[in-house]
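In what follows, a single structure is set out as structure tokens and then discussed.
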Amino acid sequence: MFKAGKVAILGRSNVGKSTLLNVLIKEKLCIVSKKPGTTRDNIQGILSGKDFQIVFIDTPGMHRPKNLLGSSMVKRASSTILESDLVLLLVDAYGGITSEDEKIFQRLPTEKINFLIINKIDRIQKHRILPIIKKAQQFPFKEIIPISASKKDGTDIVFKKILENLPEGYPIFPEDQLSDKNEKFFVGEIVRENILRLTRQEIPHSIAVTIEEMKEKKDKSNQRIYYIRANICVERKSQKSIVIGKKGQMLKKIGEHSRKEIENFLNTHVFLDLWVKLCENWRKDPYMLKNLGY
């Protein structure tokens, strides 16, 4: 008997959805940051076994949108509910079940198989978990599972329960495929993750990274090398100055960190050419959003 299906991972921003996906597929597929709003698109991570294939869908955080980018993110997250066989809804154990969480609970179709995942239990004392479970039992979840995705505590139980509830079917993707996204997408995400990690708080929501060129070349010693030209779009001049840094030091640092990760990802030498562009109010401009891939 072969099992196959799609599993949506939903929840508010910064509850650990991307971390959980990375742990379940045993690959670093999605970028992770402590800053909310990191994931902007639905990303499918594919795990294939001898008698199963699970397509996990990481989604942007559910929130009240303040601009067109935010609206696009919420729509993309909501759309996964209908196409999925099973929904994992994550909450942050430290903050408990909030009113925003409850609004998301109420949007879940009762005919779906819905799991509540209480994440980040390593951040609270054990006796505080039970009240969260009792509150969650007011809602029709098939399973309520406390975990710490970052510590890989309880994630094996999540995986076991998913397999138990996955429908019979046929593989959706080739067994050697890891994601529905292409190399360009992940290269851009690597650059964006390093910007989030290395720059100040005001930067995260205001940046977008596009890969303008990505092709194989030969260097001066006739060695194979990938040339990658990426644009970093920011909304304000002050943000451009932060990303570039004094005498270009921040941009150089972003480039060095990103290049190493991209080389590991592509398994080849890389020349990374980064440019910072001013794209005023791009998050509110439908034309610019489309051009930037949102």
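The values are calculated or read from the model by the stated rules, or taken from the named source; none is laboratory data. Owing to the predicted nature of the structure, the values given are computational and were not obtained by experimental measurement. Cβ placement follows ideal geometry from the backbone for every residue including glycine, while neighbour counts extend to all protein chains displayed.
Would you pick out the residues in the range 148-163 that are within 19 Å of the chain's Cα centre (by Cα), aliphatic (A, V, I, L, M) and either surrounded by fewer than 17 Cβ atoms within 10 Å (Cβ to Cβ) or not in a loop (DSSP other than H, G, I, E, B) (or both)?
The answer is Val158, and nothing else.
Restricting the first residue to the range 94-121 and requiring it to be over 13 Å from Phe141 (Cα atoms), which pairs with a second residue that is aromatic (Phe, Trp, Tyr) meet a Cβ separation below 7 Å and a spacing of at least six or different chains?
Note: pairs meeting the criteria are Lys120/Tyr94.
Can you work out which of the residues in the range 122-131 that are in a helix (DSSP H, G or I) and touching a residue at least 12 places away in the same chain (Cβ under 8 Å) is nearest to Asp156 (Cα to Cα)?
If we take residues in the range 122-131 being in a helix (DSSP H, G or I) and touching a residue at least 12 places away in the same chain (Cβ under 8 Å), then Asp122 is nearest to Asp156 (Cα to Cα).
Given the criterion buried (at least 19 other Cβ atoms within 10 Å of the Cβ) and in contact with an Asp or Glu (Cβ under 9 Å, 6 or more places away or on another chain), identify the matching residue among Cys279, Cys233.
Going through Cys279, Cys233 in turn, just one is buried (at least 19 other Cβ atoms within 10 Å of the Cβ) and in contact with an Asp or Glu (Cβ under 9 Å, 6 or more places away or on another chain): Cys279.
Every residue in the range 86-106 that is of a type outside the set (Val, Ile, Thr) and farther than 21 Å from Gln44 by Cβ, please.
Asp92, Ala93, Tyr94, Gly95, Gly96, Ser99, Glu100, Asp101, Glu102, Lys103, Phe105, Gln106 - these are the residues of the range 86-106 that are of a type outside the set (Val, Ile, Thr) and farther than 21 Å from Gln44 by Cβ.
Please verify whether Leu21 is assigned to a loop (DSSP other than H, G, I, E, B), modelled with pLDDT of 75 or more and crowded, with 20+ Cβ neighbours inside 10 Å, treating the condition exactly as stated. Give the steps one after another, and end with the answer.
Numbers: assigned to a loop (DSSP other than H, G, I, E, B): no; modelled with pLDDT of 75 or more: yes; crowded, with 20+ Cβ neighbours inside 10 Å: yes.
No: the conditions fail for Leu21.
When the residues of the range 207-224 are narrowed to those that are surrounded by fewer than 17 Cβ atoms within 10 Å (Cβ to Cβ) and either at pLDDT 90 or above or part of a helix (DSSP H, G or I) (or both), which ends up farthest from the chain's Cα centre (by Cα)?
Ranking the qualifying residues of the range 207-224, first place goes to Lys215.
Which is of a type in the set (Asp, Glu), part of a helix (DSSP H, G or I), touching a strand residue (DSSP E or B) at 6+ places or on another chain (Cβ under 9 Å) and not assigned by TED's automatic domain parsing to the domain that holds Asp58, of Glu189, Glu175?
The unique qualifying residue is Glu189.
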